[in-house]
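For reference, the structure discussed in these notes is given below.
Nothing in this text is a laboratory measurement; each read-out follows from the coordinates by a stated rule. It should be emphasised that the depicted structure is a prediction, and the values quoted were computed from it without experimental measurement. Every residue, glycine as well, gets a Cβ built from its backbone with ideal geometry; the counts of neighbours run over all protein chains shown.
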């Protein structure tokens, strides 16, 4: 039997309380997520173990923010790049840029690394991009 969630709405002006039920088809949602090309649970678990950089590790220095923003702008201007490439993680710490996330192919991987390397202020690029498998 599907889980039932109780939905309660308050109307402050009239003091009226309305209730109803919403059925959550939890099993089918989990099944769809597990078979989705967008499913990235394993990657998210890996990111929680503090051994890999995430955007939360980005320092809040003006120079690092400027580098990250410049790389993002350059990537977004490249309309030939895939949506995945446009959404990679860019983490800059003391001028060292880490690129993470999936890309369509090795050509995108190289193009993204080149963009980062040519950005003013970048000392080094740590390319951790992953080529998606079909």
May I ask you to sort 60, 117, 108 by Cβ crowding, counting other Cβ atoms within 10 Å and putting the fewest first? 60, 117, 108
Compute the distance in nm between two label points, each set 7 Å from the Cα along the Cα-to-Cβ direction, one at residue 133 and one at residue 77. 3.6
Per-residue Cβ contact counts at 10 Å, fewest first, order 103, 122, 76 as 76, 122, 103
Sites residue 106 and residue 62 - FRET efficiency at Förster radius 35 Å, r taken between beta-carbons, to 0.05: 0.55
